1. For the range 129-166, which trypsin sites (Lys or Arg not before Pro) are both in a DSSP coil and crowded by at most 12 other Cβ atoms within 10 Å?
2. Considering only C-alpha atoms, what is the centroid distance from the range 149-203 to the range 1-18, in Å?
3. Work out from phi, with θ = phi - 60° and the Karplus expression 6.51 cos²θ - 1.76 cosθ + 1.60, the ³J(HN,Hα) of each residue of the range 12-19, listed in order in whole Hz, and give x for Gly and Pro.
4. Which ordering of Y118, Y149 is given by a fewest-first count of other beta-carbon atoms within 10 Å?
5. Residues with amide H under 5 Å of A7's amide H, sequence separation 5 or more or different chain, H placed in the peptide plane at 1.01 Å from N; which?
6. Taking 8 Å as the Cα distance limit and 6 or more residues as the minimum spacing, I'd like the relative contact order of the range 5-159 as a percentage.
7. Taking every pair of alpha-carbon atoms in the chain, what share in percent sits in each 5 Å bin, from 0 to the bin with the longest distance?
8. Taking H placed 1.01 Å from N in the peptide plane, check which residues at least 5 places from T156 or on another chain put their amide H under 5 Å from its amide H.
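Nothing in this text is a laboratory measurement; each read-out follows from the coordinates by a stated rule. Quantities reported herein were computed from a predicted structural model and do not represent experimental measurements. Counting neighbours? That spans all protein chains shown, and the Cβs are built from the backbone with ideal geometry, glycine included.
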Amino acid sequence: MKTKLLAIVGSHRKNGNCYALAKSILESTSSKSRIIQLASKKIEFCVLCEKCVHEDCVLTDDLNQILAEMKKTDAIMFIFPKYLLASSKFLAFLERLDTIVHMRKHKGYKRTFTEPDYRLLPKQQPFCVFALSGTGRFKKETLRTVVEYIESLGLTLVSHDRPPFIAVNVRAGDEKGEVLKNKAALKQCTELTKKVIKSIKKN
């Protein structure tokens, strides 16, 4: 059976550099893969209603559908661009997932005890992070915050072999498709993806 990879693209721009990078990497593998672009999805802000303690999130957007896809895959790639920090829709997406984790672990917003056996996802899938920027680089603090959000979902980070280690920081440029000219970064992203696939086989 082929490995199932899911790429979640956090850019506000549909079919931009983040998508081009995801498509290029996934086409270089023999895995069964799918790309979800948040640009074409509706992601609302959490309203802290606490109803997700006992049921799926009640907001009428695409989050539950994306979460269902995350549960079915073997590994997840998160690809997002640098804006002021990271793209706001991507951060809202992570906040929603992390809030569900918090609510179900603690049975609400204000409680302090922890439900020891709770998991948002049925298995501890590996994940990796590709962070795209035009001319600058992400601050380590921003990347660390994003990774911690993702790890809180029960996923396991597969780190890169080069700084900043927790992600591949890709110089992408601003024009669509420009990221594909950065051959060195493409190679690093492909190497990290292969490392993710190997980590699946060990589990």
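1. Details: sites: R137, K139, K140, R144; in loops: R137, K139.
For trypsin sites (Lys or Arg not before Pro) across the range 129-166 that sit outside H, G, I, E and B with at most 12 neighbouring Cβ atoms in 10 Å, the list reads K139.
2. Between the Cα centres of the range 149-203 and the range 1-18 lies a distance of 12 Å.
3. These are the phi-based 3J(HN,Hα) values: 7, 9, 6, 6, x, 5, 4, 5 Hz.
4. Working: Y118 13, Y149 18.
Placing the least packed residue first, the sequence is Y118, Y149.
5. Hits under the 5 Å cutoff: R34, I35, I36, M77.
6. Values: 234 pairs, mean separation 40.1, N = 155.
Reported as a whole number, the value is 26 percent.
7. Over the chain, the share of Cα pairs per 5 Å bin runs 1, 7, 16, 20, 20, 16, 10, 5, 2, 1, 0 percent.
8. The answer is Q125, F127.
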